[in-house]
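Here's the structure, in structure tokens; my notes come after.
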Amino acid sequence: MKKSFYMLLLIAGLVMAAMSSCNKYADYKARKQHMQDSIDSVDSLRVADSIYRVQTAGMLRADSVMQHRSDSLHYAWAHAAQLKRKAQAEARAFVAQVMRAYINALNTGGNPSTALGNNASNAVAQQLAQINGNPAAARESLGDGGAGAAFALVGVENANDDGWYSCTWKKGSQRITRMMKVNPNGKGHIRIDEMK
């Protein structure tokens, strides 16, 4: 009886030890899994943070590019009128310069076609010749023996946005106004192409 009691105690002890060992293994496995989950979670957070940083940097770069383009468009829009006025002023000054050279040639007996040069089309040169005549006609038109200038430039004004300018000059006491169109002609050069 004692022997079977000890045997039973031994078996119970072995069962208890086996159960304790199983519990320890299960605890160990649970702790190990928990640690792995924590590592995976941290890694996931790092990956997410890294992706977020990359995306945020990309969005900031895109915002910067869009802002720059927006500023450029706004600048172009805000200064379009100023640029247009500048271009008109340059073209207006060009027409006045060409007409002064032309009128000076008429008044001094020079060659009006040479004075116009490449700054006016042949059609414009012919129209001006029909209106004003030649230098000899200019001197005769004074009526006092040709003293003084028969022609004088009054002024050049913007006519509209299509490159047309209103040019006014005097032929003796007669005031003449014609519309002249300025167009680009070759690289970086403009000329008076049309007149009406």
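Summary of computed values
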{"item": "Computed E for Ala123/Arg100 - FRET, C-beta separation, R0 22 angstrom, nearest 0.05", "result": "0.60"}
{"item": "Inter-label distance, nm, simple model (7 Å from Cα along the C-beta direction), Lys29/Ala81", "result": "8.2"}
{"item": "Distance between modelled label sites at Glu90 and Asn160, nm, 7 Å Cα→Cβ extension", "result": "2.3"}
{"item": "Table column - 3J(HN,Hα) (Hz), segment 100-110, Karplus curve with 6.51, -1.76, 1.60, x for Gly and Pro", "result": "5, 4, 5, 5, 4, 5, 4, 6, 10, x, x"}
{"item": "Placed amide H near Gly172: partners under 5 Å, 5+ positions off or other chain", "result": "Phe151, Ala152"}
{"item": "Amide H contacts under 5 Å for Ala120, placed H, 5+ residues apart", "result": "Ile192"}
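No lab work stands behind these numbers, since they all come straight from the coordinates. What you see is a predicted model; the values in this text were computed from it and never measured. Glycine gets a Cβ as well: all are built from the backbone with ideal geometry, and neighbour counts include every protein chain shown.
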